[in-house]
1. With r defined as the distance between the Cβ atoms of Glu6 and Ser116 and R0 fixed at 25 Å, what FRET efficiency is calculated, to the nearest 0.05?
2. For the chain, take the longest principal axis of its alpha carbons; what is the angle in degrees between that and the long axis of helix 78-87, to the nearest 10 within 0 to 90?
3. Based on DSSP, what percent of beta bridges with both residues in segment 1-101 are antiparallel, to the nearest 5?
4. Using only Cα atoms, find the angle between the long axis of helix 48-60 and the longest principal axis of the chain, and express it within 0 to 90 degrees, rounded to the nearest 10.
5. Work out the charge dipole of the chain with +1 on the Cβ of Lys and Arg and -1 on the Cβ of Asp and Glu about the Cα centre, then indicate which of Ser42, Val104, Cys77 is farthest towards its positive end.
6. Where Lys and Arg each count +1 and Asp and Glu each count -1, what net charge lies around Leu3 among other residues with Cβ under 15 Å from its Cβ?
7. Percent antiparallel among DSSP beta bridges with both residues in segment 62-144, to the nearest 5?
8. Would you mind getting me the FRET efficiency between Val30 and Gln106? Use the beta-carbon distance for r and R0 = 30 Å, nearest 0.05.
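The values are calculated or read from the model by the stated rules, or taken from the named source; none is laboratory data. None of the values given here were measured: they were computed from a predicted structure. FYI the Cβ positions are ideal-geometry reconstructions off the backbone, even for glycines, and counts take in every protein chain you see. Calculation scope for accessible area: heavy atoms of the full protein, side chains included, ligands and nucleic acids excluded. Shrake-Rupley method; radii C 1.70, N 1.55, O 1.52, S 1.80 Å.
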Amino acid sequence: MDLALEDARAAALRGEVPVGAVLLGPDGAVLARAGNRTRELSDPTAHAEMLVIRAACARLGSERLTGCALYVTLEPCAMCAAAIAAARVDRLYYGAADPKSGGVAQGARIFARSQSHHRPEVYDGIGAAASESLLKEFFAQRRR
């Protein structure tokens, strides 16, 4: 989660919502890491999770990420949760809960739906305090 927090901080410095993600392969090696880039790329799908899933799939030459683990600083939204399921990521670890836009434990609860063809193991609250603090600080600065 420390690497994901580094990428979240870098995203904040670029003016992006500070969310970072790291995808580990079955052997525990980092396959991909990224922070949000929606503004930079003018792409509403350029969430950190989407970027690491795309990069890891390209690196492995497969649309499946079986045996992989995803660490993300914020609860994935419904779009990202659906991509996590489609990619067959085995384990999802996330920091802060997202009552407004979350798609895992909040809101859409993608993995609980019968339409979800895959349900990763989910571990929440990992590095939650640091993730929440980073987000609160970012949005407080925006309101000033």
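1. For R0 = 25 Å, the calculated efficiency reads 0.25.
2. Rounded to the nearest ten degrees, it is 30.
3. 65 percent
4. 40 degrees
5. After comparing all options, I get Ser42.
6. Here the charged neighbours net out to -2.
7. Antiparallel bridges: around 10 percent, rounded to the nearest 5.
8. 0.60
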